[in-house]
Every structure is written in structure tokens, then in C-alpha cells.
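The values are calculated or read from the model by the stated rules, or taken from the named source; none is laboratory data. Not measured: the values here are computed from a predicted model. Cβ atoms come from the backbone with ideal geometry, glycine included; neighbour counts cover every protein chain shown. For accessibility, only protein heavy atoms count, side chains too; no ligands or nucleic acids. Shrake-Rupley method; radii C 1.70, N 1.55, O 1.52, S 1.80 Å.
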Amino acid sequence: MPKNIEYIKSKKYMDGFKLTSDKRALNDLEIGILHHNMEANNIGMQLITGFAQCAQNKEAKKYFLKGKELAKKQIKMMEEILLEGDVQFSATSGATVTTSTAPPFSDKLMMHCIYILNGFSLVGSGTGAFFSLRNDIAMKSMIMAKDIYFYAQEGIKIKIKNGWFEEPPQMEDRPGLIRE
């Protein structure tokens, strides 16, 4: 535990894109963000694996498998940052996906769950980018956010195509009402 307060004395604290010299050690907030995102992706990967196993719609099944690979990619990226900094990361959960192929939910509901989780993932990546003071970690967080965004957009298109996306309530079209 720290015994006193230290202040950042140089903008070099933010440097992470260094080819010739060592990067500064990860701070506690960065480690926490990396751990949290790894755990969230691990849980999401298990959930989406189960969804892929039992999805009836071929397009939804393919989408879930793509999400599983995206989660793996993001876990690997975060693990590499921790390992590069010689940080021990906790073991992943011992939970596993059952072998059942009987759908517990409709494809519509499973797609909606992933839609919501994509939103949470975007928020998490944005938080990671903002609060990571090392610019290499912030940049990787933004790359992950970009990948999540495009994956989420693909899911929205599948939901619309299959008639699974209810239109949210909207404001009145004032200009249209006035023209009438």
C-alpha cells in the first residue's frame, strides 16, 4: 500500500508506444480495467458459445460464433498487456458451457441479450480508453471499441432482417405535423 501521495511529474507518464525503452509499469487502475474487461469477455464468450450451440437461425448462429472469436481476440490482447508488464492475472472462472443444444430462449431473445451486452462492452472500452493513462492501452481500448461497434451493427441488421427489433418510442414529428 502506498505510504504517501505521488504526483505525475511529466507527460512521459502517458507514453506507451516505445520501441527502444521500457514502458512504465501499469498503474492499479489500468490493471483493474484490464482484469475487468478480461472477465467480462470470458463470461460473454461462455454465454455466446451456449447461444451458438442452440441457435435455430443459421445467421444468428454464425453471428454468435463471430462474437466468440471477437471475445477471444480481446482477451488475448489484454493478456498480452498484462504479461508484458509481468502482472499475474487471476485464473478465469471454472464455469463451462453444457453440451445441451436445446434452446433455453428464442433466437430473438438471445440476439437481444448480445445487443445489450455489446452496449455494455462499448461503455467498458470507452472507460478503459479514458482512464488508462498509458497511450498504448488507450489506443488498444479504442480498437476494441471499434470492433465491438461493427460487430453490434451486424447484429442490429440481423435483428431487423428477421423482424426481431422493436422500434423504440419516438418523439412526435413536429415539422411533419405542422406541414399537414
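Tabulated results
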item: Apportionment of accessible area to carbon and sulfur, the chain, percent (1.4 Å); result: 62 percent
item: Stokes-Einstein diffusion coefficient of region 44-133, Kirkwood radius over Cα pairs, 10 °C, 1.306 mPa s, in µm²/s; result: 108 µm²/s
item: When the chain is reduced to its Cα atoms, the Kirkwood hydrodynamic radius in Å; result: 18.8 Å
item: Eligible lysines near LYS146 by straight Cα distance, threshold 21 Å, same-chain separation 8 or greater; result: LYS62, LYS66, LYS68, LYS72, LYS73, LYS76, LYS157, LYS159
item: Test item: Cα-centred dipole of the chain, Lys/Arg +1 and Asp/Glu -1 on Cβ, debye; result: 360 debye
item: The chain, helix-only ellipticity at 222 nm - DSSP H runs n ≥ 4, -39,500 (n - 2.57), divided by all residues, nearest 500; result: -22000 deg cm²/dmol
item: For the chain, accessible area per residue (1.4 Å probe, heavy atoms of protein chains only), Å²; result: 68 Å²
